[in-house]
């Protein structure tokens, strides 16, 4: 990591997508501007302030907040972390379409897959 600069933007003058949730940071909204050079590559990102905080908290949760190479973008969030996001950052979860219903549907799909794998293993097992 060669350098990182993070700046609070009071008023956005041009609408851009949020690097975390992919919804638009609207003209007039506040934002967080991130710029840096990591492993020789320059990058720039604009975030909703709540999304940037959620991304930082996610990396603290997983112990990856000190290592740029291991950093999780919020767009990389695992389904296992959706419940955490919904509880700790409900505004961000809503922007990403994560709801208690979508979490329940995902858990039901996983349960059905596990049952079908178990059934297939039992049926296919030699007698």
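Multiply the residue separation of residue 53 and residue 102 by 0.36 nm, subtract the distance between their alpha-carbon atoms, and state the gained length in nm to one decimal.
Computed gain between residue 53 and residue 102 is 15.4 nm.
Ranking 16, 95, 115, 52 by Cβ neighbours within 10 Å, fewest first, what do you get?
115, 16, 95, 52
Once the Cα atoms of helix 49-62 and of the chain are each reduced to a long axis, what angle between those two axes, in degrees from 0 to 90 to the nearest 10, is obtained?
50 degrees
For residue 35 and residue 112 in the same chain, what is the full-extension length gain: residue separation times 0.36 nm, less their Cα-Cα distance, in nm?
Details: separation 77, 0.36 × 77 = 27.72 nm, distance 4.36 nm.
Taking 0.36 nm per residue and subtracting the Cα distance, the gain is 23.4 nm.
Which of rounded, prolate, oblate describes region 1-64, given a ≥ b ≥ c as roots of the alpha-carbon gyration tensor eigenvalues and a/c under 1.5 marking rounded, otherwise prolate only if a/b is larger than b/c?
Oblate, since a/c reaches 1.5 and b/c is not below a/b.
If each of residue 60 and residue 14 carries a label point 7 Å out from its Cα toward its Cβ, how far apart are those two points in nm?
It works out to 3.3 nm between the two label points.
Compare 83, 108, 55 in a GNM of the chain, Cα atoms joined below 10 Å, and give the one with the largest fluctuation.
108
Can you bin region 27-75 into rounded, prolate or oblate? Criterion: square roots of the alpha carbon gyration tensor eigenvalues sorted a ≥ b ≥ c, rounded for a/c under 1.5, prolate for a/b above b/c, oblate for the rest.
oblate
By per-residue mean of other Cβ atoms within 10 Å, what is the highest-first order of 18-25, 57-64? Could the numbers behind the result be given before it?
Values: 18-25: 20.1, 57-64: 15.1.
The packing order, highest mean first, is 18-25, 57-64.
Where in region 52-77 does the label zone of residue 23 land, with the point 7 angstrom along Cα→C-beta and an amide N cut-off under 16 Å?
Those under the cut-off are 52-55, 74-75.
Of (i) 27; (ii) 13; (iii) 37, which one was derived for percent of Cα pairs over 26 Å apart from the structure shown?
(iii)
How high is the relative contact order of the chain, in percent, with contacts defined as C-alpha pairs under 8 Å that are six or more residues apart?
For the chain, the relative contact order is 18 percent.
Read-outs: derived from the displayed coordinates by stated rules, not from any lab. The structure displayed is predicted, hence computed values, not measured ones. Here the Cβ is made from the backbone with ideal geometry for all residues, glycine too, and neighbour counts use every protein chain on show.
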